Amino acid sequence: MTSATTIPTREQVASVVRELLGQELKIVPSDITDDAVLKELPGADSVRLVRVVSRLERHWDKEFEDEAVFDLRKVDELVSLTLSYLTDGNG
Amino acid sequence: MKDAAIELPWAHEPKFRCFGCSPRNPIGLALNLRQLPSGEISAETTFSEDYASYPGIVHGGIVSTLADEVMGDMLALRFGMLAFSVSLRMRMLLPLRIGEPYLTVARIAGSGHGVVKTEADITGADGELHVTANAAYQPIRSEQARLLMGLDDTEHARLNHYFDHETRTV
């Protein structure tokens, strides 16, 4: 768990999102583009993507709403969702 | 290195009938706990059909109980702290199947604001992650224990060291 005392930048959040997606899907993080569709990433399925969300929640000690998680389509949307919890005091 | 099996220090308490860890509760899980070299607490579990929901699938409420129990026992075993769970959040990634072995591992995730935060993962024999759990626990106060558990003076004195813990020491 990492409790952020300062709000991370979008680039920092995107870097963690790519890193965790890369670890879970066994792909190179730098190959993951912002507009990539999550379910179309190599090796992706709904279970693996929820697992990434779970790791993001633990990383920042936040709880994401299920509805928001299951509405996600693209990598950039996952970054935005994560950032919203870190900047708006959600979760 | 073989993980160290744990004998529960409270196993012989007369009133001890915990659904999760007491060997004397005939309908309970009777978990056997182990301490991993990392300090994490684990339990290996294989559920029978007595714990089914859909045919062949372990009931989700039982899975939640398993995670809650291992996390709560971790606090008691590592810190001598009895605590109530005040929140429990599960992410059910894959169902658990009847008759197959699973490993639950619990660890501390942080503390503050009067609670201890914990995590637990439940994995299958193939190493696949089935469940993640996050919880917050609030230490039980001595007088709270006396009232809620119906402890007499002797029991209260014997068990008092488990109560009134500060979360900042975790």
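The values are calculated or read from the model by the stated rules, or taken from the named source; none is laboratory data. Everything numeric in this text was worked out from a predicted model, so none of it was measured. Using ideal geometry, Cβ is built from the backbone for each residue, glycine included, and neighbour counts are taken over all protein chains shown. Just the protein is used for accessible areas: all its heavy atoms, side chains included, with ligands, DNA and RNA removed. Shrake-Rupley method; radii C 1.70, N 1.55, O 1.52, S 1.80 Å.
Which one is farthest from B:GLY110 (Cα to Cα), of the residues in the stretch A:1-12 that are in contact with a helix residue (DSSP H, G or I) (Cβ under 7 Å, 6 or more places away or on another chain) and away from chain B (no Cβ under 14 Å)? Checked the stretch A:1-12; the qualifying residue farthest from B:GLY110 (Cα to Cα) is A:ARG10. Could you please let me know if A:SER15 is small (Gly, Ala, Ser) and either in contact (Cβ under 8 Å) with a residue 40 or more places away in the chain or within 14 Å of chain B (Cβ to nearest Cβ) (or both)? Considered against the rule, which asks whether it is small (Gly, Ala, Ser) and either in contact (Cβ under 8 Å) with a residue 40 or more places away in the chain or within 14 Å of chain B (Cβ to nearest Cβ) (or both), A:SER15 comes out as no.
Among the numbered conditions (1) within 14 Å of another protein chain (Cβ to nearest Cβ); (2) open to solvent by less than 30 Å² (accessible area, probe 1.4 Å), the only one that A:VAL79 does not meet is (1).
Of the listed requirements (1) at pLDDT 90 or above; (2) closer than 21 Å to B:LEU75 by Cα, B:THR169 misses just one: (1). Say whether the condition of being under 14 Å from the mean Cα position of the chain (by Cα), open to solvent by 40 Å² or more (accessible area, probe 1.4 Å), touching a residue at least 24 places away in the same chain (Cβ under 8 Å) and more than 14 Å from chain A (Cβ to nearest Cβ) is met by at least one residue in the stretch B:112-130. No, the stretch B:112-130 has no match at all. For B:ASP68, the stated conditions do not hold, so it cannot be described as open to solvent by 40 Å² or more (accessible area, probe 1.4 Å) and over 12 Å from the mean Cα position of the chain (by Cα).
Among the candidates A:SER84, A:SER54, the residue that is within 14 Å of another protein chain (Cβ to nearest Cβ), within 25 Å of B:LYS117 (Cβ to Cβ) and either touching a Pro at 6+ places or on another chain (Cβ under 6 Å) or not in a loop (DSSP other than H, G, I, E, B) (or both) is uniquely A:SER54.
Within the stretch B:87-107, the set of residues being open to solvent by 50 Å² or more (accessible area, probe 1.4 Å), outside any loop (DSSP other than H, G, I, E, B) and within 14 Å of chain A (Cβ to nearest Cβ) comprises B:SER87, B:LEU88, B:ARG89, B:MET92, B:ARG107. Restricting attention to the stretch B:75-86, the residues that are part of a strand (DSSP E or B) and open to solvent by 60 Å² or more (accessible area, probe 1.4 Å) add up to 2. When A:GLU67, A:GLU40, A:GLU63 are checked against the criterion of being away from chain B (no Cβ under 14 Å), on the phi < 0 side of the Ramachandran plot and at pLDDT below 95, A:GLU67 stands alone in meeting it.
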